[in-house]
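Taking it in order: structure first as structure tokens, then the write-up.
The values are calculated or read from the model by the stated rules, or taken from the named source; none is laboratory data. It should be emphasised that the depicted structure is a prediction, and the values quoted were computed from it without experimental measurement. Here the Cβ positions follow ideal geometry from the backbone for every residue, glycine too, while neighbour counts run over all protein chains shown. Side chains included, ligands, DNA and RNA excluded: accessible areas come from the protein's heavy atoms. Shrake-Rupley method; radii C 1.70, N 1.55, O 1.52, S 1.80 Å.
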Amino acid sequence: MITPALVLSAVLFVIGTLGVLVRRNAIIMFLCIELQLNAVNLAFVAFSRLHGIEGQIFVFFVMTVAAAEAAVGLAIIISIFRHYETVNVDNFKLLRW
Amino acid sequence: MVDILFYVFAAVAIGGALGVVMAKSPVGSLLFMVTTLASVAGTYVLLEAHFLAAIQIIVYAGAIMVLFLFVIMLLNLGHDYHRDLKGGAYAVVSFAIVGAMAGMLQRQLRGSGITDAVASGGRAIDAAIAEHGAIGAIAEPLYTTYVVAFEITGILLLVAIVGALVLAKRNVA
């Protein structure tokens, strides 16, 4: 069960990366980052079968950080939306060449 | 039986993940994401991480996804149905990067030599669950060995709350 879980984790992480790279909607990019975090969590849980309970405790911390990140990130998206009236990342080019 | 269940969960998770990337509407993406999170919670159960499976459903699929949905509806993005995939050279480069990453992960997994036969940690976890229960097995090290990290997590959440309030407040200046 460990190796299939690691494969699933790798697949989910790759799909998440693809989503971050190809989508323009900032909220969906953000959702794909959550997907990547989840893939890493799955790898941690799989490795906890190998190395003990610490993997599961780390997942607990990753989830907390994901929650904090979601709150702050969505607040940033809201304030960007107030300014630009859109969440399409192509329109945010102040710090971009 | 467990193997079949795992592959069902894995298929649903991968399908949901593809749906997140492909769906036109942000709300559709979000619902696919909830599907993926629920199936990943199912694989957690099969990997004997029952507490994390419950937390995954309650906190992730429940609270965090509802927060996303709330923001989508607040910004009125629910009927944003046009495709927003990046095209052209950018998409080609993206797929190349992702393909390289998949290849690297596949090589790592093939060379790792991990099998269920060497899973000594699993036996330790099963013993801890038998002794303390599914929550106690996590809580005991969390509140003893890792108590400092746990407290710092509390501070992190406080900072995140304050940060979110300051950022989302109107008329910051």
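Observations on the structure shown:
- Which listed residue, of B:Ile58, B:Ile64, is within 8 Å of chain A (Cβ to nearest Cβ) and out of contact with any Phe, Trp or Tyr (no Cβ under 6 Å at 6 or more places or on another chain): B:Ile64
- Scanning the range B:101-119 for residues that are at pLDDT 85 or above and either open to solvent by 70 Å² or more (accessible area, probe 1.4 Å) or farther than 18 Å from A:Val40 by Cα (or both) yields a single hit, B:Met104.
- Any hit, the range B:74-89, residues being without any contact (Cβ under 8 Å) to a residue 24 or more places away in the chain, open to solvent by 50 Å² or more (accessible area, probe 1.4 Å) and at the interface with chain A (Cβ under 9 Å from one of its Cβ atoms): yes
- Residue count, the range A:1-37 (criterion: among the charged types (D, E, K, R) and either over 22 Å from A:Phe60 (Cβ atoms) or surrounded by fewer than 21 Cβ atoms within 10 Å (Cβ to Cβ) (or both)): 2
- Residue within the range B:55-63 that is outside any helix (DSSP H, G or I) and under 19 Å from the mean Cα position of the chain (by Cα) present: no
- Selected residue (criterion: farthest from the chain's Cα centre (by Cα)) from residues of the range B:16-51 that are open to solvent by less than 20 Å² (accessible area, probe 1.4 Å) and of a type in the set (Ser, Thr, Tyr): B:Ser25
- For the range B:131-164, a residue qualifies if it is among the hydrophobic types (A, V, I, L, M, F, W, C), modelled with pLDDT under 90 and open to solvent by 30 Å² or more (accessible area, probe 1.4 Å), and the qualifying residues are B:Ala134, B:Ile135.
- Condition check for A:Tyr84 on (1) at the interface with chain B (Cβ under 7 Å from one of its Cβ atoms); (2) more than 16 Å from B:Leu157 (Cβ to Cβ): one failure, at (1).
- Counting the residues of the range A:73-91 that are closer than 17 Å to B:Leu167 by Cα, open to solvent by 40 Å² or more (accessible area, probe 1.4 Å) and free of Cβ contacts under 8 Å to residues at least 40 places away in the same chain gives 5.
- Residue match in the range A:23-35 (condition: β-branched (Val, Ile, Thr) and facing another protein chain (nearest Cβ under 7 Å)): yes
- Taking the conditions (1) at pLDDT 85 or above; (2) surrounded by 15 or more Cβ atoms within 10 Å (Cβ to Cβ); (3) not small (Gly, Ala, Ser) in turn, B:Ile125 satisfies each one other than (1).
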